[in-house]
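So the structure is just underneath, and the comments pick up after that.
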2 protein chains.
Amino acid sequence: MSEVSEFPIPETHVLAVASHVVYGYVGNTMATFVMQSLGCEVSSINTVQLRYGQAKGTRATASEISDLYQGLRDSYLDSFDMMLSGYLPGAAAVEAVAFFWVLDPVMGDNGKLYVAEDVVPAYKALIKDADLILPNQFEAETLSGVKIVDMDSLKLAISTLHETYHVPHIMITSITLPTPGATASLAVVGSTATTNSEPRMFSIRIPAIDCFFSGTGDMFAALLLVRFREAVFNTPGLSETDAWRSDNDVKATELPLAQAAEKVLASMHAVLTKTKESRDLELELYKKKRATGTDTPDGKKMKLVTSKATEVRLVRNLGSLKNPNVQFRAEDV
Amino acid sequence: MSEVSEFPIPETHVLAVASHVVYGYVGNTMATFVMQSLGCEVSSINTVQLRYGQAKGTRATASEISDLYQGLRDSYLDSFDMMLSGYLPGAAAVEAVAFFWVLDPVMGDNGKLYVAEDVVPAYKALIKDADLILPNQFEAETLSGVKIVDMDSLKLAISTLHETYHVPHIMITSITLPTPGATASLAVVGSTATTNSEPRMFSIRIPAIDCFFSGTGDMFAALLLVRFREAVFNTPGLSETDAWRSDNDVKATELPLAQAAEKVLASMHAVLTKTKESRDLELELYKKKRATGTDTPDGKKMKLVTSKATEVRLVRNLGSLKNPNVQFRAEDV
């Protein structure tokens, strides 16, 4: 009890439904630890146990997942405050439950679907019950039917998502718009709808790190869940409202969602910058060892060594999660 | 890198093989978070995904486990420093690997076996490859064939375990010897054998907390793994030796294992004391609500409410894990 002040949020119990990966921080392995470190109690249902980067392993069926969830309810343990999930096998079991649902509609990226075709309508049916969705640009396009090529189409896509699915909070986790002459940068764009479904949009621009990391989507989702809970909790009366929708007179850049995203991006930028440094060091050492030793790796081995070296350095960078140093601010769109 | 000093140990990669429980801190759910919080990278293989307190759920087969492990090796990811496991399906895949293996031979308690009969010889075969074993009193009796009734039989049991299995480090996690007239207390008894297999025994007495908690064995194992690594690391040259066996002139109470156990018990006593306080408060509130409301729970519901209230308060008591306040000291046996 004396330690509560260490944590940004009041006691919060989260149900996390995602995949478990044996090695590396992806899916529930990433999300659970991030949320626990920031003070959440997390119950995790693992939909599949995977080997590293492979779609092979022990898969739970929809009925097993549904059964696990039913087991929680039977045991009077379903007193969750929030849920974080992607696609939800056995969704009927949880739809009726009243918690704040953060849904990451994982379907694809960079113009390509990487789930089965029938997952798209399944997500469309789920989103009407979600409180906050976290699509990337491609997923926002797929769900809204609007191709995002400039600010106007971005606004249209977000309006369409608010209107079509009645989802109060939207955060598009990566947007790349052609900006001739500018240096590489990424943006996230968020919006909390007013009571009459008008979007309130903000964007946060962040410098791109030239490196591919795994699990960053799960890290973003877990951090945003905690930081949004924190920002809502710090707004008097807001946590008692339905779906935590700010009063209509709150400006876009002052939204709890915007404040939360600023902290999330600060943490992520710090952790990924450190990861990139450690990666470069590890690969340099490996190359030196290779040059002097008998180890002559083939392309496949080099790829594995590289992806291992690029694992997000999470456990030993908890300070950056707990104490974000906000540098990138929300701007009006 | 600037944050390394936050952690008691150098970078340490642990493979944890245990069950996953959806709700509550037991098995890998407990062990993984404890080790991560203290700075370990943890890869966890979940042998079974269980509902709360039930042996029902998604079970991975021995060949699936073995396949998961083989997957790690194929991907050049098997650079583990330590392993924490109970019974290990598909053990052949890991036996050859050179890491420090902490084995918790989970078989039963209080005079009763709660695994199948054939698990006993399976454990006996595994222990020859383990570096540190963590039996409780009943398991130590089962493995040594010595009934522990007094100090002499305790010494005989530990000598027998060192000699029979050539296991260098033993920690008996709970010993209750009849001590007429004394207040209830528990003891742990540990030993690191000398190079000529002589035991060096110490004991640590702790006040008993009058409450049954789940997952304390997993918590003990995870904490001991980290604190033993720390104590060994702080002993110059010891981490480079085989099985981290202290020089023969090191006294029992000065062993890294003894120093580690002192910290582990300090953390556990603090967390469990706080858990008991929270539990009592939660049950009192529940009973008040029940007295005024329409909720008249049956015996089954009351049992569930109680066991939920008794869940170890881990996430919000990290300070007690990280900064143990040692009060109970190792004594010579």
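What order do you get for B:234-243, A:29-38, B:122-131 when each peptide is scored by the mean count of other beta carbon atoms within 10 Å, highest first?
Order by mean packing, descending: A:29-38, B:122-131, B:234-243.
Quick one: label points 7 angstrom along Cα→Cβ at A:Cys211, distances to the other copies in nm, smallest first?
From this label point to the equivalent ones elsewhere in the assembly: 4.4 nm.
At q = 0.16 Å⁻¹, what base-10 log of I(q)/I(0) does the Debye formula yield for the stretch A:157-261 when every alpha carbon is treated as an equal point scatterer in vacuo?
The calculated log intensity ratios at q = 0.16 Å⁻¹ are -0.76.
For A:Thr164 and A:Glu331, calculate 0.36 nm times their separation in residues minus their Cα-Cα distance, and state this gained length in nm to one decimal.
Difference between extended and current length: 57.6 nm.
Just the number, please: buried accessible area between B and A, total of both chains, 1.4 angstrom probe, nearest 100 square angstrom.
The buried area between B and A, both sides summed, comes to about 5100 Å².
Considering every residue in B:28-37, what mean count of other chain Cβ atoms within 10 Å of its Cβ is obtained?
Mean number of neighbouring Cβ atoms from other chains: 3.
Please compute the net charge surrounding B:Ala252, taking Lys and Arg as +1 and Asp and Glu as -1 over other residues with Cβ under 11 Å from its Cβ.
Values: positive: B:Arg200, B:Lys251; negative: B:Glu198, B:Glu254, B:Glu331, B:Asp332.
Within the 11 Å Cβ shell, the charges total -2.
Need the C-alpha centroid separation for the stretch B:211-238 versus the stretch B:149-175, integer Å.
The stretch B:211-238 and the stretch B:149-175 have Cα centres separated by 19 Å.
Measure out, as a whole number of angstrom, how far apart the alpha-carbon centroids of the stretch B:267-333 and the stretch A:103-134 sit.
Going from one Cα centre to the other spans 40 Å.
Please compute the length gained on full extension between A:Lys322 and A:Asp150, using 0.36 nm multiplied by the number of residues separating them and subtracting their Cα-Cα distance.
58.4 nm
Evaluate 2.2 N^0.38 Å with N set to the residue count of the stretch B:249-333, then give the Cα radius of gyration divided by it.
Numbers: Rg = 18.9 Å, N = 85, 2.2 N^0.38 = 11.9 Å.
Expressed relative to 2.2 N^0.38 Å, the Cα Rg reads 1.59.
One decimal, nm, shortest first: give the distances between the label point of B:Gly111 and those of the same position in the other copies, each label point 7 Å from Cα along Cα→Cβ.
7.4
The values are calculated or read from the model by the stated rules, or taken from the named source; none is laboratory data. All values reported here derive from a predicted model rather than from experimental measurement. Please note: Cβ atoms are built from the backbone with ideal geometry, for glycine as well, and neighbour counts cover all protein chains shown. Each accessible area value is taken on the protein alone, full model and side chains, heavy atoms only, with ligands, DNA and RNA left out. Shrake-Rupley method; radii C 1.70, N 1.55, O 1.52, S 1.80 Å.
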